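These notes concern the structure reproduced below.
The values are calculated or read from the model by the stated rules, or taken from the named source; none is laboratory data. Model, not experiment: these values are computed from the prediction. So basically every Cβ, Gly included, is an ideal-geometry build from the backbone, and we count neighbours across all protein chains shown. These area figures cover heavy atoms from the full protein model, side chains too; ligands, DNA and RNA do not enter into them. Shrake-Rupley method; radii C 1.70, N 1.55, O 1.52, S 1.80 Å.
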Amino acid sequence: MSSHDDLLKNIISHSKEYGFIFPSSEIYDGLSATYDYGQYGKELKNNIEEYWWKAMVRMHDNIVGIDSAIFMHPTVWKASGHVDAFNDPLIDNKDSKKRYRADVLIEEYIEKLRAKIHKEVEKAAKRFGDDFNMNQFVATHPRVVEYSKQIEVIESRMKNALEENDLQAVKQLILDLEIVDPVSGTRNWTDVRQFNLMFATELGSVSGESSVIYLRPETAQGSYVNFLNVQRSGRMKIPFGICQIGKAFRNEIIARQFIFRMREFEQMEMQFFVRPGDEMEWYEYWKSTRMKWHRNLGMGDARYRFHDHIKLAHYANAACDIEFDFPMGFKEMEGIHSRTDFDLKAHEKFSSRKQQYFDAELNQNYIPYVVETAIGLDRMFMSVLSASYTDEKLPDGSERTLLRIPAQLAPVKVAVLPLVKKDGMPEKAMEVYHKLKLEVNCQFDDKDAIGRRYRRQDAIGTPFCITIDQDTLQDNTVTLRERDSMVQERISIDRLVSEVRDKTSITKLLANLD
Ligand code: ATP
């Protein structure tokens, strides 16, 4: 088993043991790929939402947030193209009876080639040291050139096949690449078929064609159908944006890899309405703005990369992903899409209601173009866990597991710990706790030896522990222990609130973005 598999397994079991994520309906043996967020998971999720919402809505005076219903008129999904085109190509292996997404099998093959290139580059960089010229190496090294050529050919074949909806060609590509089923190890594949990802249900008690409605597969449509409501009621001028955080549902062919791919998940999406023709400029703006938002968390710039889409969705004229280096490798965390006027135009057609904006500066009516940023809250959550989970050996030989969660996102900001349960220490600690709890999420803990209490807080990612000891009772100072360095400093209780607030509040993170 690779260390990556180990990391994923460790994160899953740690999440359960420490109240971040539980398998859903566990007493009934669970429901596949469905999870519940526990007491610390919910807090972490709230903090990620707050960081996103404030960065998007509060920091931009031309962006507002709404909360539209999950159920929508069924024609919305006809107009948006989801009824006809929100499909994934699926393929089964006849021996293992396992089902796969055909495009993902091919993408994984490409990723292996990319890994080979990466290995060659790393080897050469080591060999040549300071003299290494990466661009020259990549352009001339025979094996690397060959791998790159292969990637180009495969990507172009896949793009053509998917765009033409030529499922036979997709299968042929899988056969030509000699892709085997990881479970059975055979190439005994069925034909490729399209599978619609929307969950359908019935509204009310009347069954029949007309009452079929869908659980929304994205929040975006709720923003489109409210485009004019928001524009008029808020007197918004283009360019402006509408944000939403909410649940989305997709009947994924294979849902796995923990909370990375689920059938019920949460999205944080922003639709930015711009003048036709300005969309590429805004697309670039949102690419860099969103990347900055991610890197601002300080989890390591090398963990993020852009990936341009090979096959554009039916509504897009440009699209890329921000990928994160998850335990399973680099995978999509956020999509940035230039969706043209596709959606609003379609809604105008299907609803027979004008979806136009009067631009006073241009003295012109038009349907705006849209640039969308769409991030999965659960994937973002998983990125934080992946980057912060650490097993550490300490100088005294002992070990600890800690979550180096950025302090601003940590579920609990500070724990207040009386050194021992006597001499008035618990009472003093309680006083401090009551003062702090008005400002930040904090815990009081007086059970077990102090070392064990520190470990418990490390395991849930609490950035600071405050210890009340004998000296506190004399001089009103406490020790403030920092999670990662374990360094302890002595500070006065009077400074405590402002010190902790300063180090853990999202305000500072937002200020860096300005
Ligand atoms: P993928 O290619 O992984 O299926 P997508 O490109 O279809 O994702 P989008 O439609 O761009 O995804 O949705 C925006 C974001 O929603 C994604 O970047 C991802 O973070 C999140 N997301 C999409 N599907 C799921 C899912 N099944 N489970 C969890 N998060 C998801």
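Descriptive notes on the structure:
- In the condition set (1) closer than 21 Å to VAL57 by Cβ; (2) near the ligand (Cβ under 9 Å from one of its atoms); (3) of a type outside the set (Val, Ile, Thr), ARG339 is compliant with all but (2).
- Criterion (more than 30 Å from LEU105 (Cα to Cα) and either assigned by TED's automatic domain parsing to the domain that holds ASN165 or among the β-branched types (Val, Ile, Thr) (or both)) met by exactly one of ILE91, ILE21, ILE27: ILE27
Yes/no per residue for (1) assigned by TED's automatic domain parsing to the domain that holds ALA161; (2) of a type in the set (Asp, Glu); (3) within 16 Å of the ligand (Cβ to nearest atom):
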site	(1), (2), (3)
ASP308	no, yes, yes
ALA346	no, no, no
GLN355	no, no, no
GLU361	no, yes, no
GLN364	no, no, no
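- Residues of region 462-485 that are surrounded by fewer than 18 Cβ atoms within 10 Å (Cβ to Cβ), closer than 28 Å to GLU50 by Cα and in contact with a Leu (Cβ under 9 Å, 6 or more places away or on another chain): ASP484 alone.
- Top-ranked residue of region 366-375 - restricted to ones that are under 26 Å from the mean Cα position of the chain (by Cα) and open to solvent by 10 Å² or more (accessible area, probe 1.4 Å), ranked as farthest from the ligand (Cβ to nearest atom): TYR369
- For ARG114: the one exception among (1) on the phi < 0 side of the Ramachandran plot; (2) within 16 Å of the ligand (Cβ to nearest atom): (2)
- Selection status of ILE48, in contact with a helix residue (DSSP H, G or I) (Cβ under 7 Å, 6 or more places away or on another chain), assigned to a strand (DSSP E or B) and among the aliphatic types (A, V, I, L, M): no
A quick yes/no check of all residues on (1) open to solvent by less than 50 Å² (accessible area, probe 1.4 Å); (2) part of a strand (DSSP E or B):
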| position | (1), (2) |
| --- | --- |
| MET268 | yes, yes |
| PHE273 | yes, yes |
| TRP282 | no, no |
| TYR285 | no, no |
| HIS294 | yes, no |
| ILE310 | yes, no |
| GLU332 | no, yes |
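- All of GLU269, GLU264, GLU279, GLU252 fail the test of being within 12 Å of the ligand (Cβ to nearest atom), within 19 Å of ASN62 (Cα to Cα) and not aliphatic (A, V, I, L, M), apart from GLU269.
- Pair list, Cβ under 6 Å, 6 or more apart: region 255-269 residue hydrophobic (A, V, I, L, M, F, W, C), other residue in a loop (DSSP other than H, G, I, E, B) and within 6 Å of the ligand (Cβ to nearest atom): ALA255/ARG261; ALA255/MET262
- For first residues located in region 17-40 and within 14 Å of ARG261 (Cα to Cα), partners that are of a type in the set (Val, Ile, Thr) and surrounded by 15 or more Cβ atoms within 10 Å (Cβ to Cβ) and lie 6+ apart or on another chain with Cβ distances below 6 Å form the pairs TYR35/ILE21; TYR35/ILE259.
To keep it simple, each residue is scored yes or no on (1) surrounded by 14 or more Cβ atoms within 10 Å (Cβ to Cβ); (2) touching a strand residue (DSSP E or B) at 6+ places or on another chain (Cβ under 7 Å).
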residue	(1), (2)
LYS149	no, no
VAL153	no, no
ARG157	yes, no
ALA169	yes, no
GLN172	yes, no
LEU177	yes, no
VAL180	yes, no
THR186	no, yes
TRP189	yes, yes
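- One residue stands out in region 300-311 among those that are in contact (Cβ under 8 Å) with a residue 60 or more places away in the chain and over 14 Å from the mean Cα position of the chain (by Cα): the one that is nearest to SER383 (Cα to Cα), namely GLY300.
- For region 376-434, the candidate set comprises residues that are open to solvent by less than 10 Å² (accessible area, probe 1.4 Å) and assigned to a loop (DSSP other than H, G, I, E, B); within that set, the residue that is farthest from the ligand (Cβ to nearest atom) is VAL412.
- Restricting attention to region 83-114 and to residues that are under 30 Å from HIS73 (Cα atoms) and touching a residue at least 60 places away in the same chain (Cβ under 8 Å), the residue that is surrounded by the most Cβ atoms within 10 Å (Cβ to Cβ) turns out to be PRO89.
- The set of residues from region 431-471 being over 20 Å from LYS42 (Cα atoms) and among the aromatic types (Phe, Trp, Tyr) comprises TYR433, TYR454.
- Filter pass, SER223 being among the polar types (S, T, N, Q), in the same structural domain as GLU361 (by TED's automatic domain parsing) and within 16 Å of the ligand (Cβ to nearest atom): yes
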